[in-house]
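Okay, so here's the structure we're looking at.
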Amino acid sequence: MKEKYRDVQKLTDNPFLNLYHIDAVDTDGKDFNYYFASRNKENNIKLKTHDVRPEGIVIYGVTTENEPKLALIKQYRYPLDAYIYELPAGLVDGDETPAQAAVREMKEETGLSLEVYEGGAELYRRPFYMGPGFTDEMSCAVFGTVTGTPNLDSKESTEDIQVILADRAEVRRILTEEQVSLRGAYLMTHFLSDGDPLGFLKI
């Protein structure tokens, strides 16, 4: 699809996220400027590789009690100057699998231990684009059960996080009243169904 653009240039040199400019071509053949952000190195942006490797993961972790709870975090986000509710999430480092990244991130962000659930339909685990209008980032969901006591011993100084184990009533309240990330909200709605909180994966 190279006819859709003429060239791409990296505009910034930051350690974690950079801005790129595309010399784009519209459907009438006219040139225009397009910008996007990427976590990938310059030679690994998806415009060049068309790779479908996920850069990140989001974790749907539930307790094993008769009345299960969903592991959530309430985190300060600088672009919003606000605290929002999310599911634990993070980046896939190096040669990690998404499952390995999820186990590590759950422990780092919440202090909880994650046992990854591999059952159900694989379609729920495949990578999807986060916001293809402004970034090439892909993320996938990892599902499982959590045990242990929440703690923030591994929290970085740049993170302002609270760990919440929310039952269905609290999840419903949060979705109704609070600010929530979109991918967190969609997964939280699955938790509202009665019965096995991982049962929807079998559909």
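The simple spin-label model puts a point 7 Å past each Cα toward its Cβ; for residue 10 and residue 50 those points are separated by 2.3 nm.
Between the alpha-carbon centres of segment 137-203 and segment 37-88 there is a gap of 11 Å.
Measuring r between the beta carbons of residue 149 and residue 169 and using R0 = 30 Å, the FRET efficiency lands at 0.85. Normalised by 2.2 N^0.38 Å, where N is the number of residues, the C-alpha radius of gyration of segment 52-167 stands at 1.06. Taking Cα centre as origin and charging only the Cβ of basic (Lys, Arg, +1) and acidic (Asp, Glu, -1) residues, the dipole magnitude of the chain rounds to 400 debye. Placing a pseudo-label 7 Å from each Cα along the Cα-to-Cβ vector at residue 178 and residue 76 gives an inter-label distance of 1.7 nm.
I want to verify the translational diffusion coefficient of the chain in µm²/s; compute it with Stokes-Einstein, Rh as the Kirkwood radius over Cα pairs, at 25 °C and 0.890 mPa s. Answer from the Stokes-Einstein relation: 132 µm²/s. Rg over Rh for segment 15-116 works out to 1.10, using Cα positions for both radii and the Kirkwood form for Rh.
Converting phi to 3J(HN,Hα) with the Karplus coefficients 6.51, -1.76 and 1.60 and the offset θ = phi - 60°, segment 7-22 yields 6, 9, 10, 7, 9, 10, 9, 9, x, 10, 8, 9, 9, 10, 10, 10 Hz in sequence order, with x at every glycine or proline. Selection among 134, 100, 163 by position relative to the dipole of the chain gives 134 as farthest towards the positive end (Cβ unit charges, Cα centre). When Rg and Dmax are taken over the Cα atoms of segment 124-203, they come to 14.9, 41 Å. Note on segment 20-76: Kirkwood hydrodynamic radius from all Cα pairs is 15.7 Å, rounded to one decimal. Amide H to amide H distances under 5 Å link residue 111 with 151, where only residues 5 or more positions off or on other chains count and H is placed in the peptide plane. Positive-end ranking of 71, 145, 43 along the dipole of the chain, with charges on Cβ about the Cα centre, is headed by 43.
Convex hull volume of the Cα atoms of segment 153-198, normalised per residue: 111 Å³.
Values quoted throughout were computed directly from the atomic coordinates according to the rules given, and no laboratory measurement underlies them. What you see is a predicted model; the values in this text were computed from it and never measured. FYI the Cβ positions are ideal-geometry reconstructions off the backbone, even for glycines, and counts take in every protein chain you see.
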